Amino acid sequence: MPKNLKNRFRTELIRQRRNARQFGGRDKLKKLHEGKYTDYSHIYSDRSYQAHLGRSRKFADYCKNQGLKTFEEITPEVGKNYLIYERNQGLSASTIASDALAVNHLMIGGGYWKNSQRLIKSKITGMPKRSNKIYQQREKSLNSTEWRERYPSYYQKYQGQIDTIRAFGLRRRELVGGSSYHGKDGLGKNSLYWSKSGRIMAVTLGKGGKFRQIECRLDLQPKMQKLYGEYIRPTNEMPRNKAEYMRIMRTNKPFYGGYSHSIPSHIFRADYAQFKLRELASKSFSGSRVYSYSKRIKSPQSGKYHYVRTVKYHNLSKQYQIGIYKAPYGAFYKLSEYMGHNRLDVLQSYLGEGREN
């Protein structure tokens with residue numbers, strides 16, 4: 001067994017990544033727990049493994065400075081003090097939350113703490129909170145237009161990548177591909193299709209292995225047609241689900257390789273979200289959105305908490321507001337599908353004050 005904490009942490013994370021591959025994926029776990037379960041025992045992607053590994057090394061250095069050498073010496077109080085230390089160092093809310101998640105994976109996933117002992121940043125007094133104002137978050141303060149005007153040479157060098165993100169709202173990984181599929185899942189010759197209404201659609205696999213079809217922004221469609229016209233396939237060839245997508249991706253060849261991380265992809269996704277929402281807001285929506293979720297309730301007999309399935313209804317035509325934008329609920333719901341999010345509140349990151357284009 002490795003002797004120092006840094007290597008022991010790495011061994012534990014490797015075990016969780018290996019177990020996730022054998023287990024069958026996050027979707028299987030959600031079904032077992034009716035969609036409501038925080039899993040600290042499995043790591044479902046190589047990217048998550050690398051992120052946790054980097055954060056575990058920081059925590060190992062902290063433990064070493066505290067004279068701690070084994071898992072058994074690390075108590076929940078040590079974890080809490082670590083987050084307070086990071087707070088006092090001026091680290092951001094999102095960084096501290098991510099570090100807390102990594103520690104929970106090590107200690108709960110490793111079997112040294114109970115789930116009830118997990119680190120929860122919001123329950124520690126004085127912890128920073130993420131602002132709803134984009135310019136106060138860790139992302140760059142410029143919006144898409146301002147960035148392109150300030151850095152014309154960078155924009156010219158990476159114009160294909162940047163405009164494609166603006167046109168489809170892709171994440172960086174969705175554009176260039178990830179290690180989980182040997183890079184073949186990046187946007188490439190098997191990724192673009194015509195819809196029945198004459199719009200260009202991009203198919204991709206996003207976070208958590210979620211398959212989605214994304215409609216191009218209307219104002220950037222001519223540019224995308226000029227850029228990728230020879231690769232856009234007919235409607236009847238477009239994959240309809242993840243299984244079909246995985247089959248055609250075997251022969252896919254992405255248009256782009258990795259590119260500079262100084263290019264702030266997030267603000268170009270925000271560009272897509274804002275323009276696409278304006279486009280969707282001009283359409284008519286009818287009917288209701290019905291979705292089920294797990295609700296935590298307390299049993300009057302035993303006093304214990306458990307989860308029950310319940311449903312919620314939303315009128316798609318009713319006016320709704322997220323950030324500084326107002327539109328029918330159906331417009332926000334459709335945008336969240338295109339962006340690859342399960343919850344509408346996440347759209348605040350793209351539609352909040354401070355990044356209007």
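Some points to look at:
- Residue that is farthest from Ala20 (Cα to Cα) [pool: residues in segment 205-232 that are at pLDDT 95 or above and in a strand (DSSP E or B)]: Glu215
- Scan of segment 206-245 for residues that are of a type in the set (A, V, I, L, M) and free of Cβ contacts under 8 Å to residues at least 40 places away in the same chain, ordered by number: Ala243
- Yes/no for Arg296 being outside any helix (DSSP H, G or I), farther than 28 Å from Trp147 by Cα and charged (D, E, K, R): yes
- Which listed residue is surrounded by 17 or more Cβ atoms within 10 Å (Cβ to Cβ), of a type in the set (Asp, Glu) and over 20 Å from the mean Cα position of the chain (by Cα), from Asp185, Asp163: Asp163
- Filter result for the condition that a residue is more than 23 Å from the chain's Cα centre (by Cα), acidic (Asp, Glu) and farther than 30 Å from Val311 by Cα, over Asp99, Asp61: Asp61
- Yes/no for Leu170 being assigned to a helix (DSSP H, G or I) and among the hydrophobic types (A, V, I, L, M, F, W, C): no
- Filter result for Lys69 (over 20 Å from Gln16 (Cα atoms) and in a loop (DSSP other than H, G, I, E, B)): yes
The rows are residues; the columns are (1) surrounded by fewer than 16 Cβ atoms within 10 Å (Cβ to Cβ); (2) in the same structural domain as Arg199 (by TED's automatic domain parsing); (3) closer than 28 Å to Lys326 by Cα; (4) not basic (Lys, Arg).
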position	(1), (2), (3), (4)
Leu277	no, no, yes, yes
Ser282	yes, no, yes, yes
Phe285	no, no, yes, yes
Lys304	yes, no, no, no
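- Matching residues, segment 59-70, being closer than 16 Å to Ala100 by Cα and surrounded by 14 or more Cβ atoms within 10 Å (Cβ to Cβ): Phe59, Ala60, Tyr62, Cys63
- The single condition from (1) more than 23 Å from Tyr49 (Cα to Cα); (2) in a helix (DSSP H, G or I) that Asn104 fails is (1).
- Only one of Arg247, Arg233 that is over 25 Å from His341 (Cβ atoms), basic (Lys, Arg), surrounded by 15 or more Cβ atoms within 10 Å (Cβ to Cβ) and assigned by TED's automatic domain parsing to the domain that holds Leu170: Arg233
- Options His314, His341, His306: the member that is assigned to a strand (DSSP E or B) and closer than 26 Å to Arg269 by Cβ: His314
- Evaluating Ser286 against the criteria (1) under 16 Å from Leu344 (Cβ atoms); (2) of a type in the set (Ser, Thr, Tyr); (3) touching a helix residue (DSSP H, G or I) at 6+ places or on another chain (Cβ under 9 Å) leaves one unmet condition, (1).
- Restricting segment 71-101 to residues that are aliphatic (A, V, I, L, M) and over 16 Å from Ser122 (Cα atoms), the residue that is surrounded by the most Cβ atoms within 10 Å (Cβ to Cβ): Ile74
- Among the residues of segment 130-167, those that are at pLDDT below 80 and outside any helix (DSSP H, G or I) comprise Arg130, Ser131, Asn132, Lys133, Gln137, Arg138, Glu139, Lys140, Ser141.
- The residue of segment 322-346 that is surrounded by the most Cβ atoms within 10 Å (Cβ to Cβ), among those that are closer than 18 Å to Asn357 by Cβ, among the aromatic types (Phe, Trp, Tyr) and more than 17 Å from the chain's Cα centre (by Cα), is Phe332.
The values are calculated or read from the model by the stated rules, or taken from the named source; none is laboratory data. Source: prediction; values computed, not measured. Cβ atoms come from the backbone with ideal geometry, glycine included; neighbour counts cover every protein chain shown.
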